1. Select one label from [x] 15.5, 46; [y] 19.0, 85; [z] 15.6, 49: the one whose number is Rg and Dmax of the Cα atoms in Å as derived from the coordinates shown.
2. Working from Cα positions, state the angle (0 to 90°, nearest 10) between the long axis of helix 15-31 and the longest principal axis of the chain.
3. Local charge sum around ASP58 (other residues, Cβ-Cβ under 14 Å, Lys/Arg +1, Asp/Glu -1)?
4. What is the chain's relative contact order, in percent, from Cα pairs under 8 angstrom and six or more apart in sequence?
5. In sequence order, what are the phi-derived ³J(HN,Hα) couplings for segment 144-156 according to the Karplus relation 6.51 cos²θ - 1.76 cosθ + 1.60 with θ = phi - 60°, rounded to whole Hz, with x for glycine and proline?
6. Would you please put 58-65, 78-85, 134-141 in order of how densely packed they are, using the mean number of other Cβ atoms within 10 angstrom per residue and starting with the highest?
Amino acid sequence: MSAEPSFKRRHPEPVQQVKKRRDAALNALVQGVPYIQFLGVEFDRRGDELTALLRFDDKLIGNPILPALHGGAIAAFLEITAIIELSWSLIWADMESGVLDLATLEAGKLPRLPKTIDFTVDYLRSGLPRDAYARARVARSGRRYASVNVEAWQDKRTRLFTQATGHFLMPDKA
């Protein structure tokens, strides 16, 4: 009688294939929102952590006398960061479990994005005319509702210039 197991163990994917798949999935998600390109927001992925980058552009100035970034551009940057982080966490889980594949994302069949219920921004200091960075943290994510916190800085990670909290209606799993 043979003692061989009745299942076959799946070999792990090479790390470069995993990175390529994750980067392509993030790129597909970001490219699916035209306003992200309009503002010039980019995302840097390190493992499952995302950092958003808002490159400085003169069109983002709200007060030319100071000069300072426009509050609406800052709020949009933070909201985009929160939505992409929340969507990325959902896509990440679906991709790792095999529910979602890269071919689906590359074909433009993106999952629906969460819808903003409310978004509160705390402007701690003026946004200077330079690049800004932000990171979001999903505080709670359930079937119907999610809460996300976002922090943004410019020169020094510990010196925030704005922060926000958002609540989102989660898309139906269809």
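1. [y]
2. 50
3. Result for the neighbourhood of ASP58: +1.
4. Details: 265 pairs, mean separation 37.9, N = 174.
The normalised contact order for the chain reaches 22 percent.
5. Once rounded to whole Hz, the list reads 10, 9, 9, 10, 10, 10, 10, 10, 10, 9, 10, 8, 10.
6. Values: 58-65: 12.4, 78-85: 24.5, 134-141: 16.8.
Ranking, from highest mean packing down: 78-85, 134-141, 58-65.
Each value in this text was obtained by applying a stated rule to the coordinates, not by laboratory testing. This is a predicted model, so every value here is computed, not measured. Methodologically, a virtual Cβ is constructed for each residue, glycine included, from the backbone with ideal geometry; neighbour enumeration extends over all protein chains shown.
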